[in-house]
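Here is the structure we will look at.
Each reported figure results from applying straightforward, stated rules to the coordinates on display, with no laboratory input. Since the model is a prediction, treat every value here as computed from it, not as a measurement. Note that each Cβ is placed from the backbone with ideal geometry, even for glycine, and that neighbours are counted across all protein chains shown.
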Amino acid sequence: MATTTKTLGPLHFEDLEPKRFEDLVRQLAYEFKPWRKLEATGRSGSDDGFDARGYEIVGGDTTQRSSDGETEVVDETAVREGAEDRLWLIQCKRERAIGPKALTDYLDGVVLSPDEQLYGIVFTAAADFSKKARDDFAKKCKAMGLQEWHLWGKAELEDKLFQPAADHLLFAYFGISLTIRRRTQRTELRARLAMKRKANRLLKDYQHQFLLLRPPEAPSYPHSRDVRDPETGEPPWFVREYRQMSHEGLVFCVRRYFAYLHDDGEQWDAAMAFNHVRSSPHQDPWRREEEDYELRSRIQEVWDAFPKANKAWLEVLATIPFENILDIDELGDEHFEEPHIYAPFFDRLAGPFATFYARVETTDRYDPRVLYPSRTDGRIEVFEADFRKDKPGP
């Protein structure tokens, strides 16, 4: 079963109302320069073609900020004197596409008083600018005698919003917080590692033993008469053989068959009519039927005749991820004394297992060979047809 990964998609600046987009850009600009004053001229309705006007402090003034919601003021006396302040204009456009000509036309709309000298421009838009647009913009700004110019397109705005200092703006305007996301990831990681340590401590002596896997919602436990699955005959909980702990989680062997592995290491067959790893009634109090040991004996007789190098087991292994394990009850109860593992079930067939894989491994302990086959690729006919058929059930 595939797992999903959450990713952060593009921010939709074009969905913001025009005035909200202007507010966002102006608030991002607060940290851009040491402003003495940053005016939201666009909100007044008479902006002379630009949405914000800023006065950059040049020198080492001591600043004490106050805010009235639209203007950032440091020292009103120094603002009136303004001998060394640099004038900036900020324009905001919410269009999703702006070509080179439209971009330079916006610059033609700059209106200044006779005694004002423009030092720099910041032009922002919810668009991706082409190289030609950027080159034409720079050329036009140089012709206007500007000392600095900045073009903030969609990519630049996203870069600024994804900085830690702007996380509050990212949350306020788009409902996303990378700080909260990192905090959540840290919490999830700690929980995962805590469960891994707990599982290692409680289950290290239970390898190759049968454990009880339970969903958190099973109010009928331990009575299963009226809640068995009609296809598998299983109650809403599983008894499975625990094998080991892996990097993903807890690994269980859910099926084990007599198998054959060819000398080439790629062709194989298995007698799937008998699941050798199925629990017996004394291991699983909810199992109804006894195993067909006559069938097992007939299959093994064929298997024993194989050359030693070709004798193998086909095992189907399944994993419960650490993050899916809710808790482990190491005490058990009067119905099942071994540990109980609580985890949500995906469905009645897969149970709590997120991943499955098959492994064919020869029995020769001194020269083992391993194959990880698909369901049918490489399978040949070695066992007779009745032995090869896979039977439903656990």
Calculated from DSSP helices alone, with each H run of at least 4 adding -39500 (n - 2.57) and the total divided by the residues of the chain, [θ]222 nm to the nearest 500 comes to -7500 deg cm²/dmol
When Leu146, Leu250 are arranged by how many other beta-carbons sit within 10 Å of their Cβ, fewest first, they go Leu146, Leu250
Under the 7 Å Cα-to-Cβ spin-label approximation, Glu188 and Arg296 lie apart by a distance in nanometres of 4.2 nm
Restricted to the chain, the DSSP antiparallel beta bridge percent, nearest 5, is 75 percent
With the dipole of the chain defined by +1 on each Lys or Arg Cβ and -1 on each Asp or Glu Cβ, the option from Val58, Ile121, Phe210 whose Cα lies farthest towards the positive pole is Phe210
So, over other residues within a Cβ distance under 15 Å of Pro230, counting Lys, Arg +1 and Asp, Glu -1, the net charge is -1
Ranked on Cβ counts within 10 Å of their own Cβ, fewest leading, His223, His247, His340 go His247, His223, His340
When Ile90, Ile320, Ile57 are arranged by how many other beta-carbons sit within 10 Å of their Cβ, fewest first, they go Ile57, Ile320, Ile90
Given a Förster distance of 56 Å, the FRET efficiency implied by the Cβ-Cβ spacing of Asp333 and Lys19, rounded to the nearest 0.05, works out to 0.30
The summed charge of the Val251 Cβ neighbourhood (under 14 Å; Lys/Arg +1, Asp/Glu -1) stands at +4
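Using only alpha carbon pairs under 8 Å that are at least six residues apart, calculate the relative contact order of the chain and give it in whole percent.
13 percent
Take peptides 116-129, 201-214, 351-364 and line them up by average Cβ neighbours within 10 Å, highest first, as a rough protection proxy.
So the order, starting with the most tightly packed, is 116-129, 351-364, 201-214.
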Contact order relative to length for the stretch 212-329, counting C-alpha pairs under 8 Å separated by 6 or more residues, stands in percent at 28 percent
Reviewing (1) 17; (2) 51; (3) 23, the figure for percent of Cα pairs over 38 Å apart actually calculated from this model sits under (2)
tail above 24 Å in the computed P(r) of the stretch 137-280, as % of all Cα-Cα pairs, reads 67 percent
In debye to the nearest 20, the charge dipole size for the chain, taken about the Cα centre with +1 at each Lys and Arg Cβ and -1 at each Asp and Glu Cβ, equals 460 debye
